[in-house]
Structure formats: structure tokens, C-alpha cells
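Quick note: the coordinates plus some simple rules give every number you see, no bench work behind them. As the structure is a computational prediction, the values presented were derived from the model and not from experiment. Cβ sites come from the backbone with ideal geometry, for glycine too, and all protein chains shown count toward neighbours.
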């Protein structure tokens, strides 16, 4: 993976949220680099509410970071 | 999902909490985009105290972010 | 639930802690709105140390937020 | 429980850590107020590494809050 | 392990993310210093979505720290 | 345990990380004070990837606190 995170800046809170989702996924890719293995896991956790909530927790943690980096997009409010 | 998060600003702490709940749910939708699959999961985790507490944890993390973005609604106290 | 969170301000750290407990519980109510269902879950998780510790984790996250909102009650020390 | 948390201030980092442990335990007491029930759970989770680590996580979250409230005890360094 | 963390500073957000991954892994090494034992665990958790998400959570927590240490790489935006 | 945490200050980020590991372990000792019991648990969780990752999460949370207390060791960069 090259140059996938040039900046933490986003134009809108929504794009910031999407970046948080991306940040959550990359750690999984780095820990399990085999795309086929990840594909095998996907149907499993997509049907597991515990896993989905845990993903949401990771996103929340990253969103906190991205929000600070963007000054909470205050100039838009 | 388009334009679901125009701002992190809310008028009251209560609306900020509701926004945190929304932020927690969207990550689940993005990870499991199939609404039918999510509907199948709902009765299961709604009866699972561990899942309910985990959801509450995600909400707490997002609420922390939303509260900062709103200056803890200090002007209302 | 109407007007349950008018402010994050509390007079004492102890009241701040109680507010954190309340903040932790409301997300559960919003996710499982059926009071009977929640009552069925209570005896189960009240006897489950993992669940009790998880609740404590949510309270800790909210208490962090409430403490900042109150300037750590510094004027009382 | 009355007046168990008069302040977040402590003299030393060590006392701050002890306060974090206390803050972690109180949420358990408030969720399971029955002392006998808590006593029944104790031998179980004291032999469960997952539970012990989870307790340590709650303590870490509270310690972060207590440390800020005390300015990281900077005047002692 | 000697001198593995000379600084929290990185040139880019991406390198900051890589550092967060490293920070997450070192605690595992310090708790399970036996490289063979860690090698035995790897295939197991690399096929376990819960474990992969949990790793991502640890990375998220460390990334928050690294991002602050680097001023969110604001001079690059 | 007496005087185990005189300060949160460390000379290097690496020593800060070691302190975070120590902070994570002390809560386990305080919750399970019996050294023999802890020794019985060790082989179990040292072979459990979930437990190792959970330990890493606690370390991450404490490292965040220690890093702030040390101004992210900025004068070293």
C-alpha cells in the first residue's frame, strides 16, 4: 500500500467519517495481507453483530482523531 | 448515504447524544450494507446484553467527540 | 425520552459520575426500547462479571467527557 | 454510597492510580448493588485473565482522566 | 528490544500509521517474548475476524497518540 | 506495593512505553493480589491471541497518558 494517507484533512465531516472507516480497515489488511483470506472472513463477520459493533468502535476511535485534525469542521457550522 | 453528516454541531447535549448514536450506527451500515441482513441481526443483539453494552461503548466514544465539537454546550449552563 | 440531558454540568465529581452512569444506560434504552426485554436481560448481566466490567468501561468513557465539561471540578479542590 | 468522590485531586501519581481503581469498581457496585452477588462473582473473575485485563482497561481509562485533573503531577518531577 | 522507539515524530501520516501498528505489536512481544509461541498464534488470529478487528482497535488508539505528537501533520495539508 | 509510581516522566519514548506496560500490569495485581494465582493464569493468556491483543489495548491507553505527561518527548525530535 503506497500513499494511501496523504493527509488527515477532509472537506466535510462525512468525508472525515469515510476516512475513519478506511483507517479502521487498513490495520486489518496489514495484519492479514492475504486478500483471499480476508474475503473468506467477510461473510462471517458481516453476519456477526458483535463484529459489526467492534468495527464501529474502531471507526469511532479514528473519527475522534480525524475530527480533531480538522478542527471539528467548525468553519462549516 | 448522501449528506447524512453536514455538521457535528447540535443545539443541545441531548441532540449531541442522538448524533453519537447515529454515528455509531452508520459504521455498521457501511460494513453490512444489506438492510435485510441487518434486520436479521437486530433481534439477536437486542436480546444480548453484551452487544447492547458494546453499542453503548461506541456511543460513548462518539459522544466524547461531539461534545468537544460543541464546546460541551457550555453556553447553556 | 424528553429533556433527559439538559447540561453536562454537575456540582460535584460524584454527581458527574452518576451522570456518566446515566449516559451509559441511555444508549442501551435507545437500542433496546422495550422495557420488558431490558428487564429480562438485567438478572443475566448482573451476574456476569464480564458484562459488569464492560458497563464500567462505558461509564469510564463518559466520565472522561463529563469531567472535562466540568473543568475537573477544580474549583472544589 | 455517599460522598465517596469529593475530588479528583491526589497528592501523588500512585494515589491517582488508586483512585482510578476505585472509579472502576464503583460502576460495578452501582450496576450490581447486591454485595453477596458481587462476592460470588469475585473468585470467578479473579481466575479469568480476560476479566483481569478488562478491569485493567477500565482503570487505564479512568487513570487518563485523573492524570489530567492533576496536571500529570508535573510539579513533582 | 533496544532503541526501537527513538521518537514519535514521522514525516507523513502514513508513516505515523505504520508506527501505530508497531506500537501495537510491541506490547504483544513484551507479554509473550517467545517468538515461536507468537508464530504459533499468528495463523490462528489471522483467520479470526474478531482478533483482526481488535488489533485494528489497538492501532487506532496508538494512531491517536502519534497524530497528536505530530500536530496532525498540519503543515502538509 | 509502595512507591511504584513516583512520576509519569520518562527520559525517552521507549521508557514511556515500558511505564505504560507497568501501569497495565499493576491493575491486574491489585485485582488478583495472589501471585500464585497470577502465575497459573500466565501460561494460559500468553497462548491466547485475544488476551495478548487486549493487553496491548490497555498498554495503548496508558501510553497515551504517559505521552501527554511527557509532552510527547518533543524536545528529542
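Structure notes:
- Between the helical axis of F:35-46 and the longest alpha-carbon principal axis of chain F there is an angle of about 80 degrees.
- Neighbouring Cβ atoms from other chains, within 10 Å of the Cβ of residues in D:37-44, number 3 on average.
- Dividing the mean sequence gap of close Cα pairs (under 8 Å, 6+ apart) by how many residues chain A holds gives a relative contact order of 49 percent.
- Averaging Cα coordinates gives a centre for the range E:6-26 and one for the range D:2-28; these two points are 33 Å apart.
- Cubic angstrom per residue, convex hull over Cα atoms of the protein assembly as shown: 154
- The range A:1-69: proportion of alpha-carbon pairs further apart than 16 angstrom, %: 54
- Sorted ascending by nearby beta carbons within 10 Å, beginning with the fewest, D:26, C:66 become D:26, C:66.
- Inter-label distance, residue C:47 to residue C:22: 3.1 nm, where each label sits 7 Å from its Cα along the C-beta direction.
- Among A:28, F:59, the order by Cβ neighbours within 10 angstrom, fewest to most, reads A:28, F:59.
- Cβ-vector label at 7 Å, residue E:6, separations to other copies in nm: 2.9, 2.9, 5.0, 5.1, 5.8
- Neighbouring partner chain Cβ atoms per residue of D:14-22, average, 10 Å criterion: 3
- In nanometres and ascending order, the distances from the residue A:29 label point to those of the other copies are 2.4, 2.4, 4.2, 4.2, 4.9 (point 7 Å from Cα along Cα→Cβ).
- Footprinting exposure proxy for B:21, D:58 (fewest neighbouring C-beta atoms within 10 Å first): B:21, D:58
- Computed over chain E, the per-residue total of -39500 (n - 2.57) for DSSP H runs of n ≥ 4 gives a 222 nm mean residue ellipticity of -22500 deg cm²/dmol, rounded to 500.
- FRET efficiency, residue D:35 to residue E:15 (Cβ-Cβ, R0 45 Å, nearest 0.05): 0.30
- Peptide E:65-75 has a mean shielding of 6, counted as Cβ atoms of other protein chains within 10 Å of each residue's Cβ.
- The angle between the Cα long axis of helix F:13-31 and the longest principal axis of the Cα atoms of chain F comes to about 40 degrees, rounded to the nearest 10.
- Angle between chain E longest axis and helix E:49-69 axis [Cα atoms, degrees, rounded to 10]: 30
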